[in-house]
Amino acid sequence: MIPARVATGDVEWPGVPDDPRYQPPAGPRHCYAPLAARTIGAAGAPALTDLRCRIARLPCVDPAEEARVDGTAPKPRPRRPI
C-alpha cells in the first residue's frame, strides 16, 4: 500500500522527494501456477494442455468413504482399529 494524503495532495514515501528510498513489498507473498496452456495447432484448431500436477491417491483414503458425485454421502462404516 502507498499511503496518499488528500490534505497535502501528496504520497507519503520514505526519503526525500527527489531520491525516494526503496521499499520492499508489504503483505503476503502471492504465488501463481499455470493450470493449462492454450496453443494453436497447424490446422488452426486450438488445443489445451493440462499443466496441473497429479498426485497418487493417498493409501489411507478409502474411495468408498469419499463423497459421491450426486452430493450424497455414503453410509458410515465402522472404523477399523489402528
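Every number here is computed from the coordinates shown, using simple stated rules; none is lab data. As the structure is a computational prediction, the values presented were derived from the model and not from experiment. In this analysis, Cβ positions are derived from the backbone assuming ideal geometry, glycine residues included, and neighbour counts consider all displayed protein chains.
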Each label sits 7 Å from Cα toward the beta-carbon; between Cys60 and Ile40 the label points are separated, in nm, by 5.0
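Where in the range 5-52 are there trypsin sites (Lys or Arg not before Pro) that are in a DSSP coil and have at most 16 other Cβ atoms within 10 angstrom of their Cβ? Don't jump to the answer; show the numbers that get you there.
Working: sites: Arg5, Arg21, Arg29, Arg38, Arg52; in loops: Arg21, Arg29, Arg52.
Of the trypsin sites (Lys or Arg not before Pro), the ones in loops of the range 5-52 whose Cβ has at most 16 other Cβ atoms within 10 Å are Arg21, Arg29, Arg52.
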